[in-house]
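Chemist: Attaching a single structure in structure tokens format; questions to follow.
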Amino acid sequence: MDHSKFISLTPALYEYAIAYGHNGDPLRAELAEETAKLGPISMMQIAPEQGTFMGILAAAIGARSAVEVGTFTGYSSLCVARALPADGRILCCDVSEEWTKIARRYWERAGVAGKIELRLAPAADTLRALPQSHRFDFAFIDADKSNYPVYYEEILKRMRPGGLIVVDNVMWNGMVADPAAKDENTMAIREFNDRIAHDSRVEAVMLAIADGLTIARKK
């Protein structure tokens, strides 16, 4: 591997990268600030550049139908919903009324609530209940790691050719590359990454954005 192609981000360089992208939306910043007040659980919110990146991806492929597994306080869904056309729709799957109550407020303020359907139930049940004929253009998976394979398979079978599945936390704070790390979540992420790496139904790339993002394009 040519390690000269890789730049390790220092805090200063990371702040520079954020400052020189379109990541400074006031409403998103306000949502991030409110989420931070929840305490350590706020770490579940995606990074600002992830939101911008996913919005660009969804818009670039002309996505009209999207799905999200793991909504939390609504940052990622807000970004994707904004990228969809006026008649676009995103299905959000979560189990927390408390966290998604925050999301609903910000969706309303952003003017995208009409594009979003929130289902509070185990995501596996929600996805399995969808008709086989249901078609998605774009998907984001960011929930319990042990069920990543379930979410991926249920979404992939309903993904249109050329559609994108974006998966978060695939580097798991670097522990996926640490042989000594053998906890349940790390092992689950490793196994999922191996599945994607050998899945001939997609072409995929893992990017060092935030905690690692995998983008899988259905062939």
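The values are calculated or read from the model by the stated rules, or taken from the named source; none is laboratory data. What you see is a predicted model; the values in this text were computed from it and never measured. Cβ coordinates were reconstructed from backbone atoms using ideal geometry, including for glycine residues, and neighbour counts include every protein chain displayed. Note: areas computed on protein heavy atoms with side chains; ligands, DNA, RNA excluded. Shrake-Rupley method; radii C 1.70, N 1.55, O 1.52, S 1.80 Å.
Chemist: Under a point-charge model restricted to the Cβ atoms of Lys and Arg (+1) and Asp and Glu (-1), what is the dipole moment magnitude of segment 53-153 relative to its Cα centre, in debye to the nearest 20?
Modeler: 300
Chemist: Which of rounded, prolate, oblate describes the chain, given a ≥ b ≥ c as roots of the alpha-carbon gyration tensor eigenvalues and a/c under 1.5 marking rounded, otherwise prolate only if a/b is larger than b/c?
Modeler: It comes out rounded by the Cα gyration axes.
Chemist: Place a point 7 Å from Cα of Glu97 in the direction of its Cβ. Which residues in segment 105-135 have their backbone N less than 15 Å from it?
Modeler: Within reach of a label on Glu97: 119-122.
Chemist: When Rg is the radius of gyration of the Cα atoms in segment 151-219 and Rh is its Kirkwood radius, what does Rg/Rh come to?
Modeler: Computed over Cα atoms, the ratio is 0.99.
Chemist: Which of rounded, prolate, oblate describes segment 11-87, given a ≥ b ≥ c as roots of the alpha-carbon gyration tensor eigenvalues and a/c under 1.5 marking rounded, otherwise prolate only if a/b is larger than b/c?
Modeler: oblate
Chemist: Quick check: the distance between the Cα centres of segment 74-116 and segment 118-156, to the nearest angstrom?
Modeler: 16
Chemist: Pick from Met171, Met187, Met206: which is most flexible by mean-square fluctuation in a GNM of the chain where alpha carbon atoms under 10 Å apart are linked?
Modeler: Evaluated over the chain, the most mobile residue of the options is Met187.
Chemist: Okay, next question. Would you mind telling me the share, in percent, of accessible area of segment 119-215 contributed by carbon and sulfur at probe 1.4 angstrom?
Modeler: On segment 119-215, the fraction of accessible area on carbon and sulfur atoms equals 54 percent.
Chemist: May I ask which residue of Gln50, Thr10, Gly62 lies farthest towards the positive end of the charge dipole of the chain, with charges of +1 (Lys, Arg) and -1 (Asp, Glu) on Cβ and the Cα centre as origin?
Modeler: Gly62
Chemist: Lys219: which lysines have alpha carbons under 16 Å from its alpha carbon, excluding same-chain residues fewer than 8 sequence positions away?
Modeler: Lys157
Chemist: Quick check: residue separation of Glu117 and Ala60 times 0.36 nm, minus the Cα distance between them. What number comes out in nm?
Modeler: Gain on stretching Glu117 to Ala60: 18.3 nm.
Chemist: Another question, if that's okay. Near Lys37, which lysines are there with a Cα under 18 Å away, not counting those fewer than 8 places off in the same chain?
Modeler: Lys101
Chemist: Can you give the FRET efficiency to the nearest 0.05 for Ala210 and Glu108, using r as the Cβ-Cβ distance and R₀ = 22 Å?
Modeler: 0.25
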